[in-house]
Amino acid sequence: MRRITFITGNRGKYEEVRRILEPIGYEVVQKKIPYPEIQAGTLEEVARFGAEWLAERVEGDFIIDDSGLFIHALGGFPGVYSAYVYRTLGCEGILKLMDGVEDRRAEFRAVFALRLGGEIHIFAGVCPGRIAGEMRGTGGFGYDPIFVPEGEVRTFAEMSTEEKNSLSHRGRAVRALGEYLKGCVRPTRRTSPPCWRGS
């Protein structure tokens, strides 16, 4: 089994990624290594900068991610600032901002940066949905208790990890990453098949 490091301090994210990549032959190892998260306009910019910074300090192949909740009625807020807003306002604060708002449309976006064989590739996933009227569920993490994915009546926090992975932004991004890994041989080989690039 090949090994890849997921640099994150979030155990919930690690478990979601591990359950998708292990069946295709990758042992996912979690490491918590602080790295700078720049203030940028897109998740892709944030993830690429972080990966390039870590590439000079971490040996071997690794992945990092950035994700955000984008709410239509709030002009895409909290977006790239989702982690900070969650730490300061939490789900309760978002629900207060949405009090009386009829347009509940929102979407989760996730971006993964993969450093493989000295190159960085970007993979993205989007999950449309809506903001619930109240917090529901005890699973998941972050904004999961207030986000209802499209076609569902349950929040992410009311689903099992497998159910969430089948629908979520992160699950979609990791599956794209996994398809890329399945189509590539290790960079130490002399030849390699054509690979779909995520960036």
Gain in span if fully extended, residue 126 to residue 59, counting 0.36 nm per residue against the direct Cα distance: 21.1 nm
Springs between alpha-carbon atoms under 10 Å, Gaussian network over the chain: tell me which of 64, 20, 38 tops the mean-square fluctuations. 38
On the first, second and third principal axes, largest extent first, how far apart are the outermost C-alpha atoms of the range 17-94 in Å? 41, 29, 19
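Per DSSP H run of n ≥ 4, the term is -39500 (n - 2.57); total these for the chain, divide by its residue number, and report the mean residue ellipticity at 222 nm rounded to 500 deg cm²/dmol.
Numbers: 6 runs with 60 residues, N = 199.
Calculated from helices alone, the mean residue ellipticity at 222 nm is -9000 deg cm²/dmol.
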For the ranges 118-128, 137-147, what's the packing order if you count other beta-carbon atoms within 10 Å of each residue, average per peptide, and put the highest first? 137-147, 118-128
Long-range share for the range 68-139, i.e. C-alpha pairs more than 18 Å apart as a percent of all pairs, stands at 46
With θ set to phi - 60° and the Karplus curve 6.51 cos²θ - 1.76 cosθ + 1.60, what are the ³J(HN,Hα) couplings of the range 99-106 in order, to the nearest whole Hz, using x for Gly and Pro? 4, x, 8, 6, 6, 9, 4, 7
Of all beta bridges DSSP finds with both residues in the chain, what is the antiparallel percent, to the nearest 5? 75
By how many degrees, between 0 and 90 and to the nearest 10, does the Cα long axis of helix 11-21 differ from the longest principal axis of the chain? 50
Apply the Kirkwood formula to the chain: the hydrodynamic radius equals the inverse of the mean of 1/r over all pairs of different alpha-carbon atoms; give it in Å with one decimal. 17.4
Could you give the angle, 0 to 90 degrees to the nearest 10, between helix 169-182's Cα long axis and the longest principal axis of the Cα atoms of the chain? 10
Filtered hits (lysines, Cα-Cα < 17 Å from residue 31, offset >= 8 within chain) -> 13
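FYI, it's all coordinate maths here, none of it is from the lab. What you are looking at is a predicted structure, and each value in this text was computed from that prediction instead of being measured. Because the Cβ atoms are built from the backbone with ideal geometry, glycine has one as well, and the counts that use them run over all protein chains shown.
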